[in-house]
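Remarks on the structure that follows.
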Amino acid sequence: MTGRLDGTTAVVTGASSGIGAATARALAAEGATVALLARRRDRLEELAAELGERTSVHETDVADEAAVRASLEAVVAAHGGIDVLVNNAGYGKIEPVADAEWSNWRTMVDVNVLGVFAAAMAAVPHLVKAADGPRGVADMITVSSVAGRKVVKGTNVYAATKHAVGAFSEGLRQELAEQHVRVGLVEPGLVRTELTQDPTSGTAEIRDNGYAVMEASDIADAIVYAVTRPARVAVNEILIRPTEQTR
Ligand SMILES: NC(=O)c1ccc[n+]([C@@H]2O[C@H](COP(=O)([O-])OP(=O)(O)OC[C@H]3O[C@@H](n4cnc5c(N)ncnc54)[C@H](OP(=O)(O)O)[C@@H]3O)[C@@H](O)[C@H]2O)c1
């Protein structure tokens, strides 16, 4: 069976659960070789065993710039290049400022912002090189959030981190367009994942709303759509909510 991403290598950060794991599965189903990054090696190895030979596991804390760089160099050494980077690793604690813990704020900035910057900086030279190859294009997709478009009361630092990566992504899009690196954002509303099921995540109010939320595979579908367009088409932004989510 031929896939639309045959011959490509995709890096997915935060591939050990939720949207990242679903995206790794969807990219592999399209024929991509998938490099799986996250901290929980056992989860990555389980997924790699499921996906078969064309995968590699890179235990990485995205908040550690040197570790991210080393992992991406290992991906290039193993697979020959990077055609697609999915910046997905993220952390969220929705807590009002009066109850907030500094360590949670710090982790959101470290993972959601600096982690994205680090992976982008390490990947860009390889994406530019890949775009010069037979596919004629390369892709960087960052998983932001509805919170990157709209601030809802209580989302303070989480929304700030997602707005930051929105600005960053648009900046890189403009810089890299002429080199045929497509830089896009996917902005999900509520998705059923470990992040939103965690009772301490602060998402109970939106979780227990009685409507059907999205599944991780719904976001993976959006990412696959973006990276399988013809080389002349760049999907810059996809805002995607559960049908009944109003905010
Ligand atoms: N679920 C939603 O409703 C929703 C909505 C909008 C946006 N998002 C965004 O979607 C992305 C994925 O989240 P999810 O909902 O799929 O949650 P999840 O199931 O909790 O997945 C988060 C992933 O990020 C990884 N991660 C966290 N900290 C990391 C670190 N320091 N280094 C490397 N990897 C790290 C985790 O892996 P390890 O713990 O193994 O490191 C895990 O694979 C996040 O950016 C989140 O902000 C989610």
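For (1) closer than 21 Å to G90 by Cα; (2) out of contact with any Ser or Thr (no Cβ under 8 Å at 6 or more places or on another chain); (3) polar (S, T, N, Q), each residue gets a yes or a no:
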| position | (1), (2), (3) |
| --- | --- |
| H180 | no, yes, no |
| T196 | yes, no, yes |
| P199 | yes, yes, no |
| Y225 | no, yes, no |
| I240 | yes, yes, no |
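Can you say whether A119 is free of Cβ contacts under 8 Å to residues at least 12 places away in the same chain, of a type in the set (G, A, S) and either surrounded by fewer than 14 Cβ atoms within 10 Å (Cβ to Cβ) or within 30 Å of I94 (Cα to Cα) (or both), as far as the supplied structure shows? The answer is no for A119. The residues of the stretch 208-226 that are of a type outside the set (D, E) and either surrounded by 16 or more Cβ atoms within 10 Å (Cβ to Cβ) or modelled with pLDDT of 95 or more (or both), listed by number, are V213, M214, A216, S217, I219, A220, A222, I223, V224, Y225, A226. Sub-8 Å Cβ pairs linking a first residue in the stretch 59-78 that is under 19 Å from L47 (Cα atoms) to a second residue that is charged (D, E, K, R) and in a helix (DSSP H, G or I), at least 6 apart or interchain, are E59/R41, ordered by first then second residue.
Here A98 fulfils each of the conditions (1) surrounded by fewer than 23 Cβ atoms within 10 Å (Cβ to Cβ); (2) in contact (Cβ under 8 Å) with a residue 24 or more places away in the chain apart from (2).
Being near the ligand (Cβ under 9 Å from one of its atoms), surrounded by 24 or more Cβ atoms within 10 Å (Cβ to Cβ) and either of a type in the set (D, E, K, R) or modelled with pLDDT of 95 or more (or both) narrows it down to one of L44, L27, so name that one. Steps first, please.
Working: L27 fails: near the ligand (Cβ under 9 Å from one of its atoms).
The unique qualifying residue is L44.
From the list A119, A130, A63, A78, the lone residue that is touching a strand residue (DSSP E or B) at 6+ places or on another chain (Cβ under 7 Å) and either within 11 Å of the ligand (Cβ to nearest atom) or closer than 23 Å to A167 by Cα (or both) is A119. When the stretch 171-204 is filtered for residues that are away from the ligand (no atom under 12 Å from the Cβ) and without any contact (Cβ under 8 Å) to a residue 12 or more places away in the chain, the ones remaining, listed by number, are G171, Q174, E175, E178, P199, A204. Within the stretch 102-109, the presence of at least one residue that is among the charged types (D, E, K, R), closer than 18 Å to L195 by Cα, loosely packed, with under 15 Cβ neighbours inside 10 Å and over 19 Å from the mean Cα position of the chain (by Cα) is confirmed.
Could you tell me how many of the residues in the stretch 81-112 are outside any loop (DSSP other than H, G, I, E, B), charged (D, E, K, R) and away from the ligand (no atom under 13 Å from the Cβ)?
Step one: of the stretch 81-112, the residues outside any loop (DSSP other than H, G, I, E, B) are 84-87, 97-99, 102-112.
Next, only the ones that are charged (D, E, K, R) stay: 99, 106, 110.
When the remaining residues are screened for being away from the ligand (no atom under 13 Å from the Cβ), the result is 99.
Selection size over the stretch 81-112: 1.
From the residues in the stretch 6-35 that are assigned to a strand (DSSP E or B) and over 16 Å from G52 (Cβ atoms), which one is nearest to the chain's Cα centre (by Cα)? If you could, list the steps in order and put the result at the bottom.
Kept after step one, since they are assigned to a strand (DSSP E or B), are these residues of the stretch 6-35: 9-13, 33-35.
Now drop any that are not over 16 Å from G52 (Cβ atoms), which leaves 11, 13.
On the way: V11: 9, T13: 6 Å.
Checked the stretch 6-35; the qualifying residue nearest to the chain's Cα centre (by Cα) is T13.
Residues considered: R247, R229, R241. Of these, the only one that is surrounded by fewer than 16 Cβ atoms within 10 Å (Cβ to Cβ) and either under 30 Å from A100 (Cα atoms) or within 12 Å of the ligand (Cβ to nearest atom) (or both) is R247. Just one of the listed residues (T107, T142, T155) is in contact with a strand residue (DSSP E or B) (Cβ under 6 Å, 6 or more places away or on another chain) and not charged (D, E, K, R), namely T142.
The values are calculated or read from the model by the stated rules, or taken from the named source; none is laboratory data. Predicted model only: the values in this text are computed from it and were never measured. Note: ideal-geometry Cβ built from the backbone for every residue, glycine included; neighbour counts use all protein chains shown.
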